[in-house]
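Heads up, the thing below is written out as C-alpha cells.
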Amino acid sequence: MIRFVVFDLGQVLASPPDIYHAPAELLGVDPDAYRELYWSHRRAYDTGGSRVEYWQPILDRLGVQPSGELISNLATLDADLWTELRPTAADLLTVVQGWNVQTALLSNAPIVLGKAIRRTAWAAAFDWIFISAELGVTKPDPVVYDMVTAELGAEPGEIAFIDDRAPNVDAAAAAGWNAHLWVDDEDSLAWLSTVTGH
C-alpha cells in the first residue's frame with residue numbers, strides 16, 4: 001500500500017523556460033555559453049557547497065567580473081526560476097493532495113533554492129520537503145533514499161517516487177521504492193493512480 005508520494009522538482013514539477021536565458025541576459029552573455037557551464041560542478045553546490053564556489057568559476061569562464069552582489073543576485077534569480085511550477089503540475093499536486101497519502105518533495109538543490117521553495121505558496125502542498133544541500137548528499141546516492149525512508153517512518157514499498165533522471169529512478173527502485181521515470185504530467189497521474197489504487 002502506497003502511503004507516501006515523493007516528487008522531484010526540476011522537470012517533474014518545474015520546467016522554467018528562462019532557466020538559461022534570464023541569467024544570461026542579466027550577465028550580458030550568450031545563453032548557450034551559459035548553459036554549457038551551468039551544470040559544471042553543480043553536484044557540489046547541490047550537496048551544500050557555497051554559492052561563491054559554484055558561481056565564481058562560471059563567471060570567470062564567461063569573462064564576467066565576479067562580485068559578491070552579482071553572485072548573490074544570480075543565485076537568487078536561479079532559485080526563483082526553479083520555483084515556477086507548470087500549471088498542469090500544480091493541478092497534479094492538487095489531485096494527489098485529495099488522496100489518502102502524504103506528499104514529499106525530494107530535490108537535488110542548493111541551500112538558496114531550499115529556502116526559496118519554502119517561501120512559495122505551493123510548498124504547503126507537501127508534508128515533507130527534502131533538499132539535497134540540507135541532507136549533505138544528492139540523488140542517486142543510495143544514502144539519500146535510506147535517509148528519506150527513515151525520516152518518513154516508512155517501509156520502502158510504501159513510497160511512490162517520480163523523477164526525470166533514470167539514474168535517480170533506478171537507485172530509488174534498488175532501495176525498494178516504487179519508482180517511475182517522468183514523461184509528462186498526464187503520464188505521472190496515470191501511473192500514480194495505478195500504484196495508489198485511485
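The values are calculated or read from the model by the stated rules, or taken from the named source; none is laboratory data. Every value quoted in this text rests on a predicted model; they were computed, and no experiment measured them. Positions of Cβ are backbone-derived with ideal geometry, glycine not excepted, and every protein chain shown enters the neighbour counts. We work out accessible area using only protein heavy atoms, side chains counted, and drop any ligands, DNA or RNA first. Shrake-Rupley method; radii C 1.70, N 1.55, O 1.52, S 1.80 Å.
Odds and ends about this structure:
- Flag if Ser188 is more than 14 Å from the chain's Cα centre (by Cα), under 14 Å from Val12 (Cα atoms) and polar (S, T, N, Q): yes
- Filter result for Pro140 (without any contact (Cβ under 8 Å) to a residue 60 or more places away in the chain, part of a loop (DSSP other than H, G, I, E, B) and under 29 Å from Asn178 (Cβ atoms)): yes
- Arg165 meets all of the listed conditions (1) open to solvent by 50 Å² or more (accessible area, probe 1.4 Å); (2) without any contact (Cβ under 8 Å) to a residue 40 or more places away in the chain but one, namely (2).
- Among the residues of region 64-103, those that are open to solvent by 70 Å² or more (accessible area, probe 1.4 Å) and either of a type in the set (D, E, K, R) or out of contact with any strand residue (DSSP E or B) (no Cβ under 7 Å at 6 or more places or on another chain) (or both) comprise Gln65, Glu69, Asn73, Glu84, Pro87, Thr88, Asp91, Thr94, Asn100.
- Residue in region 16-25 that is open to solvent by 40 Å² or more (accessible area, probe 1.4 Å) and closer than 28 Å to Met147 by Cα present: no
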